[in-house]
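Everything below concerns the one structure shown next.
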């Protein structure tokens, strides 16, 4: 699969996911959706840069399509799917079901990264790739996003915004 096809597939997925944001109004107020989207987008992109910048472990191929593919993937796709994971935590579902969706989101991120390595969107200058590092950082992203989501809701209620 060419890098251009990958880019347009991720772009299309990003656009489709953006259209799902209004569906979250059942669980979040519009201001919460906006703030949480900005937070998760920044956080997911920052986590990728944390994983890739100081080490030769993983980096983006220096072409336009891979550059923008990674930006859309981490800035839109991962952040909106993470918002949907926060929706799961607002439901009355069992803890087992919530944890299953959490691990599905984490595994989704690891699989996407591996696919990007295979097709040439990402490159690794190291001998091997350790998904355990990604697993650890993804768990931190989920936990901190959960904490921020709860904090944001209580703060907006305290300030009479909600």
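The values are calculated or read from the model by the stated rules, or taken from the named source; none is laboratory data. The model shown is predicted, which means the values in this text are computed figures rather than measured ones. Cβ: placed from backbone, ideal geometry, glycine included. Neighbour counts: every protein chain shown.
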**OP:** For segment 12-28, enumerate the residues that are in a helix (DSSP H, G or I) and either buried (at least 16 other Cβ atoms within 10 Å of the Cβ) or touching a strand residue (DSSP E or B) at 6+ places or on another chain (Cβ under 9 Å) (or both).
**Re:** 13, 14, 17, 21, 24
**OP:** Mind telling me which of the residues 96, 133 ends up being modelled with pLDDT under 90 and part of a helix (DSSP H, G or I)?
**Re:** 133
Subject >> Failed condition for residue 7, given (1) buried (at least 20 other Cβ atoms within 10 Å of the Cβ); (2) over 18 Å from the mean Cα position of the chain (by Cα) >> reply: (2)
**OP:** Could you please find all residues in segment 81-116 being in contact (Cβ under 8 Å) with a residue 24 or more places away in the chain and more than 22 Å from residue 131 (Cα to Cα)?
**Re:** 83, 84, 86, 87, 89, 90, 91
